[in-house]
1. What residues have an amide H closer than 5 Å to that of residue 5, excluding those fewer than 5 places away on the same chain, when H is modeled at 1.01 Å from N in the peptide plane?
2. Give a residue-ordered list of calculated ³J(HN,Hα) values for the stretch 26-43 (Karplus: 6.51 cos²θ - 1.76 cosθ + 1.60, θ = phi - 60°; whole Hz; x for Gly, Pro).
3. Quick one: net charge around residue 22, please, counting Lys, Arg +1 and Asp, Glu -1 for every other residue with C-beta under 15 Å from its C-beta.
4. Pull up all non-local amide H partners of residue 62: gap of 5 or more, or a different chain, and H-to-H distance under 5 Å with H placed in the peptide plane.
5. Rounded to the nearest 10 Å², what accessible area does residue 33 show when all protein chains are kept and the probe is 1.4 Å?
6. Step through the table entries 6/74; 6/78; 16/80; 34/80; 60/87, compare each Cα-Cα distance with 23 Å, and write down the pairs that go over it.
7. With θ set to phi - 60° and the Karplus curve 6.51 cos²θ - 1.76 cosθ + 1.60, what are the ³J(HN,Hα) couplings of the stretch 61-71 in order, to the nearest whole Hz, using x for Gly and Pro?
Amino acid sequence: MKFLQKYLVIQTFRDKFTQNIHSAGTFYETFDEKRASFLIESGYLKANDEEGNQHDEPLKNLGGGYYELPNGEKVRGKEKALKALKKVEGDANESRQAQ
């Protein structure tokens with residue numbers, strides 16, 4: 001029996017089968033493990049842990065068009081939040097490499 005799995009989209013893409021656009025920061029749901037594996041390997045989805053959970057959702061929707069970043073910063077507008085998220089993640093990667 002297959003279960004519906006939910007994956008975090010980390011790079012915007014258009015699904016070649018459905019033609020739906022999946023934006024970064026949203027979730028992609030599928031029963032097809034092979035398709036999910038392909039999208040993970042291609043860099044579009046984030047892999048789940050062994051229990052199938054996503055623990056670190058990058059953007060928290062606060063309502064009213066506001067989003068909270070992992071660093072606690074609040075940003076209005078999804079596009080601005082996604083840009084700020086990339087900057088925060090880039091800064092975190094740079095600080096890890098410096099150590």
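1. Those qualifying (amide H under 5 Å, at least 5 residues apart or on another chain) are 30, 31.
2. 9, 10, 10, 10, 7, 8, 8, 5, 5, 5, 4, 4, 4, 5, 5, 5, 7, x
3. Values: positive: 6, 14, 16, 35, 46, 78; negative: 15, 29, 32.
Counting the neighbours of residue 22, the net charge comes to +3.
4. 67, 68
5. Using a 1.4 Å probe on the heavy atoms, I get roughly 120 Å².
6. Details: 6/74 25 Å; 6/78 20 Å; 16/80 27 Å; 34/80 33 Å; 60/87 16 Å.
6/74; 16/80; 34/80, as the Cα separations exceed 23 Å there.
7. Each residue's phi maps through the Karplus curve to give 6, 8, x, x, x, 9, 10, 10, 7, x, 7 Hz.
The values are calculated or read from the model by the stated rules, or taken from the named source; none is laboratory data. Note that this is a predicted model, so its numbers are computed, not measured. When we count neighbours, we look across all protein chains shown, and the Cβ atoms used for this are built from the backbone with ideal geometry, even at glycine. With ligands, DNA and RNA removed, areas are computed over all heavy atoms of the protein, side chains included. Shrake-Rupley method; radii C 1.70, N 1.55, O 1.52, S 1.80 Å.
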